[in-house]
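Participant: Have a look at this one before I ask anything.
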2 protein chains.
Amino acid sequence: MPSERIYNFSAGPSVLPLGVLERAASEMTNYRGSGMSVMEMSHRSQVYLTIFEKTKGDLKRLLAVPDTHEILFMQGGATFQFSAVPLNLIGKTGVADYAVTGSFSAAAMKEAKKYGTIRIAATTEATNHTVIPEQRDLKVLPDASYFYYCANNTIYGTEWKYTPDTGEVPIVTDMSSNILSKPLDISKYGIIFAGVQKNMAPAGMAVVIIDKSLLGGELPYTPKIMSYSAAASSDSMLNTPPCYTIYMLGLVLEWLEENGGVAQMERLKAAKAAVLYDFLDSSRLFRGCAEATARSDMNVTFRTPNEELDAKFVKEAAAAGLCNLKGHRSVGGMRASIYNAMPPEGVGALADFMARFERENG
Amino acid sequence: MPSERIYNFSAGPSVLPLGVLERAASEMTNYRGSGMSVMEMSHRSQVYLTIFEKTKGDLKRLLAVPDTHEILFMQGGATFQFSAVPLNLIGKTGVADYAVTGSFSAAAMKEAKKYGTIRIAATTEATNHTVIPEQRDLKVLPDASYFYYCANNTIYGTEWKYTPDTGEVPIVTDMSSNILSKPLDISKYGIIFAGVQKNMAPAGMAVVIIDKSLLGGELPYTPKIMSYSAAASSDSMLNTPPCYTIYMLGLVLEWLEENGGVAQMERLKAAKAAVLYDFLDSSRLFRGCAEATARSDMNVTFRTPNEELDAKFVKEAAAAGLCNLKGHRSVGGMRASIYNAMPPEGVGALADFMARFERENG
């Protein structure tokens with residue numbers, strides 16, 4: 001279906017709301033009478049600062065970010081944060097506790113080892129990351145500078161359904177793939193960060209929400225652009241920010257607000273995920289990869305009995321306009337990423353296609 | 001003139017070619033039959049990799065980058081590179097030599113001091129950066145890991161007209177505001193880097209062109225995302241790159257090629273700058289800020305006899321559709337940034353307006 005929009009199940013970069021893209025296109029050469037594209041605006045100009053402040057304010061309101069926390073826009077994605085987190089926080093005690101529940105938390109831990117002593121608070125490696133640790137499985141000690149976990153594992157299709165209790169130890173969490181999918185009690189977190197390219201905006205930035213009391217503890221060799229306090233004191237304008245990405249985030253947040261905010265996103269995601277998981281639970285051909293208690297509402301991983309049939313499914317689905325369903329190369333199988341911008345119709349079309357594929361190949 | 005495009009003299013982010021913006025708008029919801037926006041594409045997908053490879057290949061051809069050098073796309077802008085350069089290079093001897101010819105080279109030097117011993121190879125502070133050092137003024141010693149300079153100073157409106165001779169010491173240069181404005185002999189440089197938001201693309205990335213023999217010397221605490229060798233070995237896909245910014249760069253490069261490449265840009269920039277400098281040299285009201293020998297063809301700085309008249313000029317010019325002419329807040333006066341995408345008609349309109357303003361206020 002080359003001339004129409006596809007249903008895009010990519011894990012990231014991912015589908016964006018069509019209305020947002022249409023709005024961006026219509027404003028491309030002349031933003032609301034300014035005579036310029038947003039791409040062409042000085043980041044210090046009033047016209048751009050208005051966009052910037054509205055975006056930040058909308059995010060603060062939508063996620064109910066309390067005044068104890070600061071919102072930062074930083075370039076470099078989650079991988080940048082893998083370094084920034086220990087560089088800014090581990091100096092307090094020299095030690096941090098990491099839960100390893102997938103590839104990205106493992107990568108974050110590996111990077112953090114450059115900067116201090118890293119202890120494993122929990123690991124799900126033994127089950128190939130099909131589960132999420134329970135609270136009683138977490139070993140977080142009081143001398144940890146912070147406790148780190150990845151809230152949603154895109155590759156394995158698992159998601160933390162609770163906020164860990166770590167006592168006085170600040171919680172740092174990577175929410176790249178489930179931020180804005182549900183209301184959060186931000187006050188429980190020391191740092192929430194999220195690469196924007198899944199549920200927020202085109203790739204090229206991370207949002208960082210940080211408890212202001214954690215600012216100012218950088219190791220001496222921290223690059224200035226990785227310093228949270230430098231970012232906070234310059235209101236994310238230490239240098240030219242990724243202006244257009246912030247504008248796109250603003251359009252997505254307006255769309256989110258018009259569509260009921262994060263409370264409605266939570267209802268929608270549960271309904272969308274249930275369509276696929278209910279089908280998987282009764283399927284004779286397909287099976288879900290993650291344990292039922294750990295299933296992600298954002299990334300639904302599944303497979304057929306063999307790799308050949310997996311490949312056939314991915315190919316035939318793409319021909320039917322259901323695209324990018326191949327699982328991550330490290331685990332195989334299939335993965336349907338159903339972020340906020342994936343309409344229920346897309347999920348329904350996928351379930352229908354799976355049922356038909358099962359009939360034809362069962 | 002709210003409903004029309006203005007002439008945008010912003011120093012960065014800056015004007016982009018109108019045709020490029022129109023093309024981006026037309027492809028926004030469905031890139032060439034893919035059924036997706038470029039913003040929505042997985043960076044590992046074939047459709048996106050084709051864009052990525054073409055952009056990198058076009059840049060290599062347009063700048064005649066030899067096979068001895070690698071092209072990297074890195075997030076974070078020039079400020080990110082201020083840290084990355086010493087983290088990757090200074091480990092060789094622990095010492096580097098910096099020429100300070102403006103605010104950005106001073107900022108780069110300050111950051112580098114975290115990582116080694118920094119010597120001043122030259123400074124133009126005594127003249128408030130209105131000149132550029134001559135070759136005989138440069139003190140570069142053989143034990144330097146590298147020599148650093150900023151090739152064009154946007155704030156002061158000065159530009160290096162020659163490539164320094166540093167013997168065996170690798171040259172690192174920040175070309176954020178004059179890359180792609182003229183042909184270069186890349187083989188003379190160890191590293192050329194440039195934030196893209198002036199002459200290349202919307203803000204959110206830097207292009208790094210690095211002599212491959214300089215790869216692999218990172219200090220042990222270098223964040224992985226700042227490692228040039230990690231970027232090179234992953235072909236700039238260590239993590240999700242700023243995909244849409246790379247796509248926009250690709251469109252700008254196609255425009256550049258259709259318009260005669262860097263050789264033609266060099267002719268055009270000289271002609272555009274001459275219109276303004278010739279006017280300034282004969283003006284009774286305005287005067288250029290930089291010494292004649294050091295004048296930048298990209299950023300033309302000038303002023304009237306007093307600040308009130310400067311402010312009046314900036315205001316009346318904006319009302320005539322000649323926008324963002326206010327000088328940097330640190331130096332005052334006016335600045336006309338006339339990068340590749342500024343059409344000669346815009347420069348002509350500015351010169352005409354300046355002549356009229358002089359008649360009315362002389």
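The values are calculated or read from the model by the stated rules, or taken from the named source; none is laboratory data. Bear in mind the structure is a predicted one, so any value in this text is a computation, not a measurement. Heads up, the Cβs are rebuilt from the backbone with ideal geometry, glycines too, and the neighbour counts pull from every protein chain shown. The area values use the complete protein model at the heavy-atom level, side chains included, leaving out ligands, DNA and RNA. Shrake-Rupley method; radii C 1.70, N 1.55, O 1.52, S 1.80 Å.
Participant: Treating only the Cβ of Lys, Arg, Asp and Glu as charged (+1, +1, -1, -1), what charge dipole size does the stretch B:15-169 show about its Cα centre? Round to the nearest 20 debye.
Facilitator: Dipole size: approximately 240 debye.
Participant: Something else about it: Taking a probe of 1.4 Å, how large is the accessible area per residue of the stretch A:1-71, in Å²?
Facilitator: With all protein chains present, the stretch A:1-71 gives 39 Å² per residue.
Participant: In chain B, what % of DSSP beta bridges are antiparallel (nearest 5)?
Facilitator: If we restrict to bridges inside chain B, about 55 percent are antiparallel.
Participant: Go through A:Ala84, A:Thr163, A:Thr50 and say which Cα lies farthest out towards the positive end of the charge dipole of the stretch A:22-258; charges sit on Cβ, +1 for Lys and Arg, -1 for Asp and Glu.
Facilitator: Farthest towards the positive end: A:Ala84.
Participant: As a test of understanding, state the convex hull volume per residue of the stretch A:152-208 from its alpha carbons, in Å³.
Facilitator: Considering the Cα atoms of the stretch A:152-208, their hull volume per residue is 87 Å³.
Participant: Still on this structure, please answer the following. Given a 1.4 Å probe, how much area per residue of the stretch B:236-345 is accessible, in Å²?
Facilitator: Solvent-accessible surface per residue comes out at 40 Å².
Participant: Further, regarding this structure: Could you list which residues have their amide H under 5 Å from that of A:Cys150, counting only those 5 or more apart in sequence or on another chain, with H placed in the peptide plane?
Facilitator: The answer is A:Thr101, A:Asp174.
Participant: Okay, next question. Output, in nm with one decimal and in ascending order, the distances from the B:Asp185 label point to the matching label points of the other copies (7 Å from Cα along Cα-to-Cβ).
Facilitator: Here B:Asp185 shows inter-copy label distances of 6.8 nm.
Participant: Further question on the same structure: Please give me, ordered by residue number, the GluC sites (Glu not before Pro) of the stretch A:1-89 that lie in loop per DSSP and have at most 11 other Cβ atoms within 10 Å.
Facilitator: Counting only loop positions with at most 11 other Cβ atoms within 10 Å, the GluC sites (Glu not before Pro) in the stretch A:1-89 are A:Glu4.
Participant: Mind ranking B:Tyr31, B:Tyr7 by accessible surface for me, highest first, 1.4 Å probe?
Facilitator: B:Tyr7, B:Tyr31
Participant: Starting at the first residue of the stretch A:255-265, write each ³J(HN,Hα) from the Karplus equation 6.51 cos²θ - 1.76 cosθ + 1.60 with θ = phi - 60°, in whole Hz, x for Gly and Pro.
Facilitator: Karplus-based 3J(HN,Hα) across the stretch A:255-265 equals 4, 4, 5, 5, 9, x, x, 5, 5, 5, 4 Hz.
Participant: Let me ask something additional. For a Förster distance of 22 Å, can you work out the FRET efficiency between the beta-carbons of A:Ala311 and B:Arg32, rounded to the nearest 0.05?
Facilitator: After rounding to 0.05, the efficiency reads 0.30.
Participant: Ratio of Rg to Rh for the stretch A:145-296, alpha carbon only, Kirkwood?
Facilitator: 1.02
Participant: Based on DSSP, what percent of beta bridges with both residues in the protein assembly as shown are antiparallel, to the nearest 5?
Facilitator: 55 percent
Participant: Just for the Cα atoms in the stretch A:260-361, what are the lengths along the principal axes, largest first, rounded to whole Å?
Facilitator: Sorted largest first, the three principal extents are 41, 28, 26 Å.
Participant: Enumerate by residue number the trypsin sites (Lys or Arg not before Pro) in the stretch B:283-362 meeting two conditions: DSSP loop (anything except H, G, I, E, B), and at most 12 other Cβ atoms within 10 Å of the site's Cβ.
Facilitator: Of the trypsin sites (Lys or Arg not before Pro), the ones in loops of the stretch B:283-362 whose Cβ has at most 12 other Cβ atoms within 10 Å are B:Arg284, B:Arg329.
Participant: Which value, in debye to the nearest 20, gives the size of the charge dipole of the stretch A:52-126 about its Cα centre, when Lys and Arg are +1 and Asp and Glu are -1 at the Cβ?
Facilitator: That gives a dipole near 120 debye.
Participant: Could you look at the protein assembly as shown and say what percent of its accessible area is carbon and sulfur, using a 1.4 Å probe and all protein chains?
Facilitator: The nonpolar share, carbon plus sulfur, comes to 52 percent.
Participant: Which stretch or stretches of the stretch A:183-221 have amide N atoms under 11 Å from the point lying 7 Å from A:Lys92's Cα along the Cα→Cβ direction?
Facilitator: A:190-191, A:211-217
Participant: I would also like to ask the following. Just to check I understand the Karplus step: with θ = phi - 60° and J = 6.51 cos²θ - 1.76 cosθ + 1.60, what whole-Hz values come out for the stretch B:65-80, glycine and proline as x?
Facilitator: 6, x, 5, 5, 10, 10, 9, 10, 10, 10, 6, x, x, 5, 4, 4
Participant: For the stretch B:144-179, run through the chymotrypsin sites (Phe, Trp or Tyr not before Pro) and keep only the ones in DSSP coil with at most 16 other Cβ atoms within 10 Å of their Cβ.
Facilitator: B:Tyr162
Participant: Return the whole-Å distance between the Cα centroid of the stretch A:46-80 and the Cα centroid of the stretch B:28-51.
Facilitator: Here the two parts' Cα centres lie 27 Å apart.
Participant: In whole Hz and in residue order, list the ³J(HN,Hα) couplings for the stretch B:129-140 that follow from phi through the Karplus curve 6.51 cos²θ - 1.76 cosθ + 1.60, θ = phi - 60°; x for Gly and Pro.
Facilitator: 6, 8, 10, 10, x, 8, 3, 5, 8, 8, 10, 10
Participant: To continue, here is another question. Going 7 Å from Cα along the Cα-Cβ axis for the label, what nanometre distances separate A:Lys139 from the same residue across the other copies?
Facilitator: Its label point is 5.7 nm from the equivalent points in the other copies.
Participant: Could you give, in nm with one decimal, how far A:Met237 is from each other copy of that position, shortest first, with labels 7 Å out from Cα toward Cβ?
Facilitator: 3.6
Participant: What three numbers, in Å, describe the spread of the alpha carbons of the protein assembly as shown along their principal axes, ordered from the longest?
Facilitator: Largest to smallest, the principal-axis extents are 85, 53, 50 Å.
Participant: Right, something else. Computed on protein heavy atoms with a 1.4 Å probe, what is the summed buried accessible area for the chain pair B and A, in Å² to the nearest 100?
Facilitator: 4500 Å²
Participant: Also, quick follow-up: Starting at 0 and stepping by 20 Å, how many percent of the alpha carbon pairs of chain B end up in each bin?
Facilitator: Percent of pairs per bin, in order: 29, 56, 15, 0.
Participant: Pop out a list of residues from the stretch A:31-50 that are at least 40 Å² less accessible with all the protein chains around than in their chain alone; 1.4 Å probe, no ligands or nucleic acids counted.
Facilitator: When all protein chains are present, A:Gly35, A:Met36, A:Met39, A:Glu40 each give up 40 Å² or more of accessible surface.
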